[in-house]
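*Asks:* Dumping the structure here so I can ask a few things about it.
The values are calculated or read from the model by the stated rules, or taken from the named source; none is laboratory data. Remember, predicted model here, so these are calculated numbers, not experimental data. Glycine gets a Cβ as well: all are built from the backbone with ideal geometry, and neighbour counts include every protein chain shown.
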């Protein structure tokens, strides 16, 4: 078995843009072994001044919307412009949805084959609190390795959207034409989080329905509050097959970047995201320690159903559990 | 000074619908003294089988939308139907917004004067985690005191909307006609949480703009996902001055109740809310204990700014802080 690289070797490999070392480093980040996690944290820390220079883009949409073909085509466009592109995936529920998200690298053949691209499937079977922290560290490692654009893919059905929104600069929602039924899978609130809506598969017979959907969504978006950054999301059409619309989406993202860097939102948002990350991790680790406690587990098992049925005051049980936890 | 009532006296007073005792009990719930809190928890627990029979309605909207006049008029309608109505307020940011929310009881003169109504201003200057737990306990006490409808008011600008959504059966968003600018104060995502939208002040010259706004919002809502409960929120017009539209809003809420009780969502939602409450309280108490720790405080003070600037890996700091916290 190969010896694990040491800190200096990892660092050197990543700084030189070595994709194999980057991949091993992310495995380290995802490891549940404490010694691996400690080394991973050290590694991220040692590279931290070299992070932050990419554009971080979150991409979501229901299964069937064409996320992977979109990322393939959009990533290709960016590569052609001379950019280095990394694709990460976050999917805390992959154990339920059978882990299809980026699980099959062959879905992105062009990107996978290109040396300026890096594709990393989602770690499977992990809880959200853990996953989002790890994806954030993986993102920083990709930046230290010189990637200019990080695409973070998520399935539009779970809680991962908020987690992704909290780690990216720009949040893109992919939609299908023929509004209504297709939307049922999208979680409430996601549309309002989006910095841009893209109607995919806008080609052939689908162009007319796509145009109609664009108008409908634009009218809806118009009613949304602008939010603190004063950005009005637009609805754009795209075809991953013909490539139409992709250039305009990238332009829109560049507009966003320059506008937000101009008004200070870009950096203030990232600063807030870093504190949010700290907060998230503290909450996650506290919760983990709490739920590992055998006395807590026992009492929860015993009384949780009573809370659920409305027979036990949740505030009271919470207090009792905390006393139990801190007693020792 | 008056002696504090004991558990039996509190219990008896609440069960007999005594508003003075109810008010004192809620003061107990809101107290930061541990002995008060313990008694409050006991009291809620002792009455728990008598709770849960009301309809819990959350009401939100930006300042200026006319929340208090709406609640006054809507509450009056319910009183006229023979119902007992309690109004609670949740406002974790009241220390910032100068505590205007329900702070002035004279704003609801009719309700305040009526014995079948109970109005409780928001406790000021408290953190959300604490406030929402206390509002939930206050709600249960009101139910035990025989109130049929609980209206929970919140300002549409902060984080309290999600907290309220998580404790009510029906979530009502009040809006103004003349869509666009007026919306800027509403937090993103709230529109998608609403079970109904009501355009207020739909009287006089404002009727035509209100009708136009209704159409626009209906088109927008049509694009939203229905969610697991398969309920399509409607947009309704109301005038708190003339009373028009209020009866229809109540009808809509009654429809909701019978539909959701029929499909099982009502009870499954409440069960989920109870577990969410437990979860919330555990997280809140864990966080509170953590942030009270002097070593944690010192390190956070020292390193938080470094995280914010992107000089320190948040995951690493979180781990270090947790080690520090659990060391003792």
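*Asks:* Under 30 Å from residue A:303 (Cα atoms), free of Cβ contacts under 8 Å to residues at least 24 places away in the same chain and either out of contact with any strand residue (DSSP E or B) (no Cβ under 8 Å at 6 or more places or on another chain) or not assigned by TED's automatic domain parsing to the domain that holds residue B:45 (or both) - does that describe any residue in the stretch B:306-325?
*Replies:* Within the stretch B:306-325, one or more residues are under 30 Å from residue A:303 (Cα atoms), free of Cβ contacts under 8 Å to residues at least 24 places away in the same chain and either out of contact with any strand residue (DSSP E or B) (no Cβ under 8 Å at 6 or more places or on another chain) or not assigned by TED's automatic domain parsing to the domain that holds residue B:45 (or both).
*Asks:* In the stretch A:214-230, how many are under 12 Å from residue A:173 (Cβ atoms) and surrounded by fewer than 18 Cβ atoms within 10 Å (Cβ to Cβ)?
*Replies:* Qualifying residue count for the region: 0.
*Asks:* Go through the stretch B:231-248 residue by residue and tally those that are part of a loop (DSSP other than H, G, I, E, B) and buried (at least 17 other Cβ atoms within 10 Å of the Cβ).
*Replies:* The initial filter retains those residues of the stretch B:231-248 that are part of a loop (DSSP other than H, G, I, E, B), namely B:231-233, B:238-245.
Going one step further and asking which of them are buried (at least 17 other Cβ atoms within 10 Å of the Cβ), we end up with B:231, B:233, B:238-240, B:245.
Looking only at that region, the number is 6.
*Asks:* Continuing with the same structure: For the stretch B:24-40, give me the residue count where each residue is closer than 18 Å to residue B:135 by Cβ, assigned to a loop (DSSP other than H, G, I, E, B) and over 19 Å from the mean Cα position of the chain (by Cα).
*Replies:* Total satisfying the criteria: 1.
*Asks:* Just a yes or no: is a residue in the stretch B:261-268 touching a helix residue (DSSP H, G or I) at 6+ places or on another chain (Cβ under 8 Å), assigned to a helix (DSSP H, G or I) and at the interface with chain A (Cβ under 10 Å from one of its Cβ atoms)?
*Replies:* yes
*Asks:* If a residue has to be part of a helix (DSSP H, G or I) and modelled with pLDDT under 80 to count, how many in the stretch B:158-189 make the cut? Steps first, please.
*Replies:* Pass one, the stretch B:158-189, residues part of a helix (DSSP H, G or I): B:160-165, B:181-185.
Pick out the ones that are also modelled with pLDDT under 80 and you get B:160, B:181-185.
Residues flagged as part of a helix (DSSP H, G or I) and modelled with pLDDT under 80 within the stretch B:158-189 amount to 6.
*Asks:* Can you confirm whether residue A:66 is in contact (Cβ under 8 Å) with a residue 40 or more places away in the chain, at positive phi and more than 20 Å from the chain's Cα centre (by Cα)?
*Replies:* no
Condition check ((1) buried (at least 16 other Cβ atoms within 10 Å of the Cβ); (2) out of contact with any strand residue (DSSP E or B) (no Cβ under 6 Å at 6 or more places or on another chain); (3) over 30 Å from residue B:317 (Cα atoms)) across all residues:
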{"position": "A:250", "(1), (2), (3)": "yes, yes, yes"}
{"position": "A:265", "(1), (2), (3)": "yes, yes, no"}
{"position": "A:270", "(1), (2), (3)": "yes, yes, no"}
{"position": "A:280", "(1), (2), (3)": "yes, yes, no"}
{"position": "A:292", "(1), (2), (3)": "no, yes, no"}
{"position": "A:302", "(1), (2), (3)": "no, yes, yes"}
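*Asks:* I'd like to verify a number: residues in the stretch A:304-316 that are within 9 Å of chain B (Cβ to nearest Cβ), surrounded by fewer than 20 Cβ atoms within 10 Å (Cβ to Cβ) and assigned to a helix (DSSP H, G or I), how many?
*Replies:* The total comes to 3.
*Asks:* Ok, one more. Could you identify the single residue in B:236, B:281 that is facing chain A (nearest Cβ under 9 Å) and either within 32 Å of the chain's Cα centre (by Cα) or closer than 30 Å to residue A:140 by Cβ (or both)?
*Replies:* Working: B:236 fails: facing chain A (nearest Cβ under 9 Å).
Step by step, each of B:236, B:281 is checked, and only B:281 is facing chain A (nearest Cβ under 9 Å) and either within 32 Å of the chain's Cα centre (by Cα) or closer than 30 Å to residue A:140 by Cβ (or both).
*Asks:* With the requirement that a residue be under 22 Å from residue A:121 (Cβ atoms) and out of contact with any strand residue (DSSP E or B) (no Cβ under 7 Å at 6 or more places or on another chain), what does the stretch A:24-38 give you?
*Replies:* A:24, A:25, A:27, A:28, A:29, A:30, A:31, A:32, A:33, A:36, A:37
*Asks:* Consider residue A:256 against the criteria (1) in contact with a helix residue (DSSP H, G or I) (Cβ under 8 Å, 6 or more places away or on another chain); (2) surrounded by 14 or more Cβ atoms within 10 Å (Cβ to Cβ); (3) closer than 21 Å to residue A:55 by Cβ: it satisfies all of them except one. Which criterion is unmet?
*Replies:* The single condition residue A:256 does not satisfy is (1).
*Asks:* Just to be sure before I move on: is residue A:75 surrounded by 21 or more Cβ atoms within 10 Å (Cβ to Cβ) and either in contact with a strand residue (DSSP E or B) (Cβ under 9 Å, 6 or more places away or on another chain) or over 21 Å from residue A:164 (Cβ atoms) (or both) in the structure I sent?
*Replies:* yes
*Asks:* On to the next question. Among the residues of the stretch A:200-210, which ones are over 21 Å from the mean Cα position of the chain (by Cα) and either within 16 Å of residue A:67 (Cα to Cα) or surrounded by 14 or more Cβ atoms within 10 Å (Cβ to Cβ) (or both)?
*Replies:* Once the filter is applied, which keeps residues that are over 21 Å from the mean Cα position of the chain (by Cα) and either within 16 Å of residue A:67 (Cα to Cα) or surrounded by 14 or more Cβ atoms within 10 Å (Cβ to Cβ) (or both), the stretch A:200-210 yields A:201, A:202, A:203, A:206, A:207, A:209, A:210.
*Asks:* Can you tell me which residue in the stretch B:190-201 is modelled with the highest pLDDT, limited to those that are within 26 Å of residue B:283 (Cβ to Cβ) and facing chain A (nearest Cβ under 9 Å)?
*Replies:* Within the stretch B:190-201, the match that is modelled with the highest pLDDT is B:193.
*Asks:* Can I ask one more? Please go through the stretch B:26-66 and give me each residue that is within 30 Å of residue B:260 (Cα to Cα), at pLDDT below 90 and either surrounded by 23 or more Cβ atoms within 10 Å (Cβ to Cβ) or more than 13 Å from chain A (Cβ to nearest Cβ) (or both), ordered by number.
*Replies:* Across the stretch B:26-66, the qualifying residues are B:61, B:65, B:66.
*Asks:* Out of (1) within 18 Å of the chain's Cα centre (by Cα); (2) in a loop (DSSP other than H, G, I, E, B), what's the single condition that is false for residue A:17?
*Replies:* For residue A:17, the failing item is (1).
*Asks:* Return yes when residue A:250 is in contact with a helix residue (DSSP H, G or I) (Cβ under 7 Å, 6 or more places away or on another chain) and away from chain B (no Cβ under 13 Å) and no when it is not.
*Replies:* yes
*Asks:* Which of the residues that make up the stretch B:14-24 are more than 15 Å from residue B:51 (Cα to Cα) and touching a residue at least 12 places away in the same chain (Cβ under 8 Å)?
*Replies:* B:18, B:19, B:21, B:23, B:24
*Asks:* Also, I was wondering about something else. State whether the residues of the stretch B:208-226 include one that is modelled with pLDDT under 80, more than 10 Å from every other protein chain (Cβ to nearest Cβ) and assigned to a loop (DSSP other than H, G, I, E, B).
*Replies:* The answer is no, given that none of the residues of the stretch B:208-226 is modelled with pLDDT under 80, more than 10 Å from every other protein chain (Cβ to nearest Cβ) and assigned to a loop (DSSP other than H, G, I, E, B).
*Asks:* Continuing with this model, one more query. Restricting the stretch A:317-327 to residues that are more than 34 Å from the chain's Cα centre (by Cα) and facing chain B (nearest Cβ under 7 Å), which is nearest to residue B:272 (Cα to Cα)?
*Replies:* Once the filter is applied, the top-ranked residue is A:317.
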